[in-house]
Structure formats: C-alpha cells, structure tokens
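Pasting a structure here, questions to come.
A short reminder: the numbers here are calculations on the coordinates, not readings from a lab. Please read all numbers here as calculations on a predicted model, not as lab measurements. FYI the Cβ positions are ideal-geometry reconstructions off the backbone, even for glycines, and counts take in every protein chain you see.
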Amino acid sequence: SGETKRLTCMLKSAAHALVSHPWVYDKVQSLAGVGRVLDRMAPHMKKTLGEVVLDIGGGTGNVLSVVPSPGKYIWLDNDPLKLQGFRRKHPSLTGILGDATKIPLRDKSVDNVLCMFVLHHLTDGQLSLFFQEVARVVKKTFILVDPVERKTSIVSRLLWNYDRGSNPRSVETLHAAMSARFDIEHTERFAVLHEYLICVGHPL
C-alpha cells in the first residue's frame, strides 16, 4: 500500500542518516563482517609494501589494518562525516574529499588503488567514468572489492533493502567493466553476509 511504501522510505532514510555517523558506521561494518573481508584482502595488500596506496571510498580508514608500512596512504571519499571520522582516527594521514569519477590527482601519481564497497553506489555512467579515472591515476595495481547481486539469504536481502547503494551488479558485469581498462590477474568470490567479488588487475 502507499502507507507501507512511505513507512519503508522513512525507515530507509532514518537508517541512512544514522549510519552516516562514523561511530555507527564502524559498528555496522564490524557487525557486517568487514574483518573477514579485510582478511581476504590482506595477501594482496602485502604487495604494496613501501608504495603509495589510494583508498577510494575510504570510509573511516578501516582498511589501514591490512595496509603495510612504511608507505604512503591517501584516503578519498565524498562524505564529509567520514572524513571527520577518518581524521579523528588518523590525524597524520592524507585525506581528500572528492569524487571517484573525477579523482583530483595527476596521471600515474599512485602505485596502487584500492576500492572497497563503492561500485554498487554508482550508476552505469559513473561506473565507466570510475574505471577510466582509476586507470588514469594508477601505475601498478588496482584492487577492487564489492558485494555482488545475489540475494540468496534472508540476511543479504535485508541488508540490500536498507543499503544506500542502489546498483548491485553481477560478477560478470563487474568483471567485464574492469576488463575494459585492466588486465585482471586474480578473481575471487566469497561470502560473509553478502557475496563479494575481489578483482586484482593492472592498467592496460
């Protein structure tokens, strides 16, 4: 009914506003199993030792637990509240408030790009621009992690219902979009609460 739809929209808006706050965001990420996702990424991140890593959609910087040091880490996100949370946790690191489809960095200015949990927030047009921009700024390796469109469990369906990202895509769609700009050397699928895709590639 119309009343049910209005109530659902109100609940979604309230949930999105609540999760925007960095402390709540971190708690939700933890409950959603982000630690297990980071464990899967850790072997790929080891190869970035001593190099520049650009983290697109950096949230509050949780990925730093698997970024080796020494090296330079650059945070990029379009959410001012996430930037506040990131700076509170990591005041000495570089944070850039910016758009993943218009990355404010020079060509080939970073060794590695990492992108977690961003692509399902992008439209198809933005997705193409995103891969174009990443290929422009990265010299060596691009590591992509995103949940994919497979709502097989009740928990996964509930999470998608309240996720701000409205464009979950299939593994095949994401792989094809990345292949247009990158030579993909590794693909991995795994499940926590969602099913996830990891792709590791190098610019063509």
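Just how far, in whole angstrom, is the stretch 92-153 from the stretch 53-72 if you go by their alpha carbon centroids?
Cα centroid to Cα centroid, the span is 13 Å.
When the label point is put 7 Å from the Cα of Q84 along its Cα-to-beta-carbon vector, which residues of the stretch 97-113 have a backbone N closer than 17 Å?
From the stretch 97-113, the list is 97-98.
Would you please put 51-63, 92-104, 121-133, 189-201 in order of how densely packed they are, using the mean number of other Cβ atoms within 10 angstrom per residue and starting with the highest?
Highest to lowest by the protection proxy: 51-63, 189-201, 121-133, 92-104.
How big is the stretch 55-143 by Rg and Dmax over its Cα atoms, in Å?
12.5, 36
Quick one: net charge of P68's neighbours, Cβ under 11 Å, K/R +1, D/E -1?
Values: positive: K46, K47; negative: E51.
Taking every Cβ under 11 Å from that of P68, the sum is +1.
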